[in-house]
Amino acid sequence: MQFYTYRLFIYSAIIFCGTAMQTFAVDQINEQLVFTKKTYANVEYLVAYDENKQYLGGIEYSSSCCRIHYLWVAWPMRGKGIGSLLFIQALNNLKEDGCKCVQWESRSTAIEFYKKFGAVSNAEEYPLFSQWGIVDPNMMKFDFRRHGDPAENLKRNSIQKNNERV
């Protein structure tokens, strides 16, 4: 519980510190979202909230080690594209900062979410090491040189999924 309280404190501080804000319209939600980005101790935070300053989601990442630390979306807002927007924006920011490959640890329930963007698990990348138990199957990776543009991958995978339903 203390960890969660700490995260909430950091996100609160980010939103109310008067940082530069960007506004994006999200068709799936039909409301305005505000994204706030703040850097604190070599860690970048990108937080999404609505016009009433209700937290909708956030992502924490570090350009210095090319790593995503944490992505969260409020329960009522899951499945509406907020996590995708945060993830794509964080990957784009990491790429602009010179990262060629980004890694993060995922919950097993979220692996399919990340695969929509072209990410692969280390277990898929190194199957032999996975059999030996050396590689964590929940460790994910996105290599810009091999996997391309995450937004394009998401669009392509969404079209393929829709075509499979028909």
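Below is a table of values for the structure above.
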{"read-out": "Computed E for GLU125/GLN160 - FRET, C-beta separation, R0 22 angstrom, nearest 0.05", "value": "0.55"}
{"read-out": "Extension gain (nm, one decimal) between TYR40 and ASN93, 0.36 nm per residue minus Cα-Cα", "value": "17.6 nm"}
{"read-out": "Contour excess over end-to-end distance, with Cα ends at GLU152 and ASP136 and 0.36 nm allotted per residue", "value": "3.0 nm"}
{"read-out": "Distant-in-sequence amide H partners of TYR55 (H built 1.01 Å from N, under 5 Å)", "value": "none"}
{"read-out": "When each of LYS116/LYS141; LYS38/LYS115; LYS38/LYS95; LYS53/LYS116; LYS80/LYS155; LYS53/LYS95 is checked by Cα-Cα distance, pairs over 19 Å", "value": "LYS38/LYS115; LYS53/LYS116; LYS53/LYS95"}
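Every number in this text was worked out from the coordinates using simple rules, so none of it is lab data. Please read all numbers here as calculations on a predicted model, not as lab measurements. Cβ coordinates were reconstructed from backbone atoms using ideal geometry, including for glycine residues, and neighbour counts include every protein chain displayed.
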